[in-house]
Structure formats: structure tokens, C-alpha cells
Amino acid sequence: MIRCSRFTVIDESFICAVCGAAIAPLGYTARDHCSKCLCSLHLDENPGDRLSGCGGVLMPIGAEQGKKGVKIIYKCRKCKMQKKNIAAKDDDNEMIIKLFSNPLT
């Protein structure tokens with residue numbers, strides 16, 4: 001685990017709580033969502049800190065092009081908080097393309 005200001009890098013394997021896929025570490029940055037269904041869990045206040053008490057499912061609701069690549073836009077099913085995460089190199093490209101077609105209101 002590496003801590004950089006407000007970003008704690010936790011790059012570990014996990015079983016997706018939504019689709020059940022076995023997800024391997026990325027090897028170049030923190031793994032923060034499933035590469036198959038793109039879902040995540042609302043565990044952090046700041047990346048990697050595991051300080052959120054919510055624990056809800058973060059559903060991908062859209063995507064946008066950012067300076068560092070594609071950003072996936074999430075909304076928590078439980079608390080309705082929205083956040084963005086940079087897409088990983090091994091994310092399902094078809095899922096990301098579908099997210100670009102979702103109009104965000």
C-alpha cells in the first residue's frame with residue numbers, strides 16, 4: 001500500500017460484489033472497480049482510505065474524456081453520491097462505449 005497525499009494506492013485482487021468476476025490487480029495503479037461490469041463499492045472518502053461508512057454499490061452511469069483518459073462517472077445506489085474514476089486499461093471497452101451514450105442530466 002502506497003500513500004500519496006489524499007490517494008492511498010491499494011492494488012489488490014477481489015471478487016466483484018455485483019457480477020462475481022474474479023478481478024486481478026492492475027499493476028500500475030490502484031484497482032478501484034470491476035473491469036467486467038465496471039461497478040465499484042462506495043468504500044472511500046478519498047481514494048484508498050476505506051473511510052466511507054456507506055458501502056453501497058457504485059453504478060457506472062456515464063463516461064467523459066478527461067486529461068488523463070476516460071473517466072467513468074458513478075452514482076451510489078445507497079447514498080446517491082456521484083464520483084468519477086479513471087478507466088483502467090483492461091476495462092470492457094464495449095461497456096465504456098455504452099456509457100458515453102448515456103445522457104447525464
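The values are calculated or read from the model by the stated rules, or taken from the named source; none is laboratory data. In this text, all values refer to a predicted model and were calculated from it rather than measured experimentally. Neighbour counts run over all protein chains shown; Cβ positions are idealised from the backbone, glycine included. Side chains are part of the model used for accessible areas, which takes the heavy atoms of the whole protein and leaves out ligands, DNA and RNA. Shrake-Rupley method; radii C 1.70, N 1.55, O 1.52, S 1.80 Å.
Of the residues making up segment 43-87, those that are part of a loop (DSSP other than H, G, I, E, B) and either under 15 Å from Thr8 (Cα atoms) or in contact with a Phe, Trp or Tyr (Cβ under 7 Å, 6 or more places away or on another chain) (or both) are Leu43, Asp44, Glu45, Asn46, Pro47, Gly48, Asp49, Arg50, Leu51, Ser52.
Residues in segment 65-76 that are open to solvent by 60 Å² or more (accessible area, probe 1.4 Å) and either under 14 Å from the mean Cα position of the chain (by Cα) or touching a residue at least 60 places away in the same chain (Cβ under 8 Å) (or both): Lys71, Lys75. A search for C-beta distances below 9 Å between a residue of segment 40-63 that is more than 29 Å from Ser101 (Cβ to Cβ) and modelled with pLDDT under 95 and any residue that is among the small types (Gly, Ala, Ser) and in a loop (DSSP other than H, G, I, E, B), counting only pairs 6+ apart in sequence or on different chains, returns Glu45/Ser52; Asn46/Ser5; Gly48/Ala30.
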